[in-house]
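First the structure, in the form of structure tokens, and then the observations on it.
The values are calculated or read from the model by the stated rules, or taken from the named source; none is laboratory data. All of these numbers come straight from a predicted model, not from anything done at the bench. All Cβ positions, even for glycine, are placed from backbone atoms using ideal geometry, and neighbour counts span all protein chains on display.
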């Protein structure tokens, strides 16, 4: 257990020291500042625009962070062979995976908490500057949306763990993780087309089966995207947070344990 | 390569870049004009491509539409049917991406009713908004006005007003206005009540100006309608034209149409104007 924690702390510190993180933060802070200016392009739903742009900035910065820094941190150990030093200590391969995963999760949580708090400033300023009686806004939903962005990033971290444990280079795991992100962000929309039976769109039974399989196997990242609800102040359905969190826990657990399993069987040159 | 040489090469390249840029730009400009209008994909494709960034894609599409409209609204006669079709398509996709976004409904209603006369398009956007924004009383209010004023569907309009009146923050007079529409009474008066409410609700100076002119025109029409009624009471027959009202001494002069047209007495006895309550366009370029 101590081994896992110290690995997590080391990974976290390594991530925090990464210069790319500062670049991403500076970009996010500039985007938050621009948000207030951008709202002048719109007519009435100003707070919605500020919330939508702020949450998008958090999500996009978080994605850049976990996908690039995450794949880099993990694969660096294998690429540069430093993993031998770690594994020669009394740390099992499964513990190594869990430790790395927790470290990256701390990094994602700390970064999103920081960006989430800063992002509320432009939303707050536009809320004071423009009162619209037809707009509803709920800070609770806003911060739940921020929390769900953090959960989504941690889920992506678990996917990175899995790919890094089966592939030999960081580039391949990067590409595969991006592919999973794209599939995960669209599989619900595609399944929606299947359920709605859009006119002029003929889907063969084989295609239907493939789409269903993809929907169950790949993570449904749309479930963690609450930007629409947060921007428009819509309340969440009863039990939504609970069931989505449970889905998250189990999906992440599957990914991390599969990564641990693959790592244990892996042979290093 | 020595530093001196690399500096020279850099300067040479920058100069070359600056030199060719106008030619490059000249060839990109027509391409960009086409792209600016036509790159609107069907809603289901946009939903797929937007990934998790649907709200911000909706923001971007709407900003593009309003900038496109704003940039050209100083010469409305240059607008073609294609421009409006593009705008409608843009707003349709925007509201598919985020059906709770207020601006596209509001903007679409403002443009497609008075400026274009495409009331059905404005209403189809508004209907989507009424369904999604269940707390918003203004959208059914606008929808009710469009059905009453442009489509002459008083009963449907009254239903929309009643729906609006049940939503929080709605004006107290909506049920009374709805009752008036159910009974098809005082058309111009009802329109004045609607427009006064629009004006009260509006912050945009440009749109306020439009509403103010329209309201003034309707008030003048109501003035003439009342004069016609007095004429009928006095002479027991309808006037042949509006000049008859002046000649009989009921009014001193026929008010001017603020849109630049002329008021006249329609065959059915209603008051109309040659401007059709729209600012003059340049027919040659249309």
> Condition test on residue A:124, is it free of Cβ contacts under 8 Å to residues at least 24 places away in the same chain and more than 19 Å from residue A:258 (Cβ to Cβ)?
Replying inline: yes
>> So, residue A:104, is that one more than 14 Å from chain B (Cβ to nearest Cβ), assigned to a helix (DSSP H, G or I) and within 26 Å of residue B:53 (Cα to Cα) or not?
In response: yes
> Do the conditions hold for residue A:8, that is, is it closer than 29 Å to residue B:104 by Cα and either more than 14 Å from chain B (Cβ to nearest Cβ) or buried (at least 22 other Cβ atoms within 10 Å of the Cβ) (or both)?
Replying inline: no
> Can you tell me which residue in the stretch A:216-233 is farthest from the other protein chains (Cβ to nearest Cβ), limited to those that are part of a loop (DSSP other than H, G, I, E, B) and within 21 Å of residue A:123 (Cα to Cα)?
Replying inline: A:226
>> Kindly evaluate residue A:186 against the criterion of being surrounded by fewer than 23 Cβ atoms within 10 Å (Cβ to Cβ) and away from chain B (no Cβ under 13 Å).
In response: no
>> Being within 12 Å of chain B (Cβ to nearest Cβ) and under 8 Å from the mean Cα position of the chain (by Cα) is the filter here; which residues of the stretch A:147-160 pass it?
In response: A:149, A:152, A:153, A:156
>> Just checking, does the stretch A:250-267 include any residue being more than 14 Å from chain B (Cβ to nearest Cβ), touching a helix residue (DSSP H, G or I) at 6+ places or on another chain (Cβ under 8 Å) and over 16 Å from residue A:158 (Cα atoms)?
In response: yes
> Considering only the stretch B:144-170, how many residues are in contact with a helix residue (DSSP H, G or I) (Cβ under 6 Å, 6 or more places away or on another chain) and either over 21 Å from residue B:113 (Cα atoms) or in a helix (DSSP H, G or I) (or both)?
Replying inline: 17
> Based on what the data block shows, is residue B:245 closer than 18 Å to residue B:115 by Cβ, in a helix (DSSP H, G or I) and modelled with pLDDT of 85 or more?
Replying inline: no
> Going by the structure shown, is residue B:191 at pLDDT below 90, under 27 Å from residue B:55 (Cβ atoms) and part of a helix (DSSP H, G or I)?
Replying inline: no
> Out of the stretch A:233-253, which residues are free of Cβ contacts under 8 Å to residues at least 40 places away in the same chain and within 19 Å of residue A:163 (Cα to Cα)?
Replying inline: A:249, A:250, A:253
>> For residue A:39, only one of the following conditions fails: (1) over 22 Å from residue B:52 (Cα atoms); (2) within 14 Å of chain B (Cβ to nearest Cβ). What is its number?
In response: (1)
> Which one is farthest from the other protein chains (Cβ to nearest Cβ), of the residues in the stretch B:38-66 that are modelled with pLDDT of 85 or more and assigned to a loop (DSSP other than H, G, I, E, B)?
Replying inline: B:50
> Taking residue A:59, is it assigned to a helix (DSSP H, G or I), over 30 Å from residue A:165 (Cβ atoms) and either away from chain B (no Cβ under 13 Å) or in contact with a helix residue (DSSP H, G or I) (Cβ under 6 Å, 6 or more places away or on another chain) (or both)?
Replying inline: no
> Got a number for residues in the stretch A:108-146 being within 14 Å of another protein chain (Cβ to nearest Cβ) and either over 12 Å from residue A:55 (Cα atoms) or assigned to a loop (DSSP other than H, G, I, E, B) (or both)?
Replying inline: 11
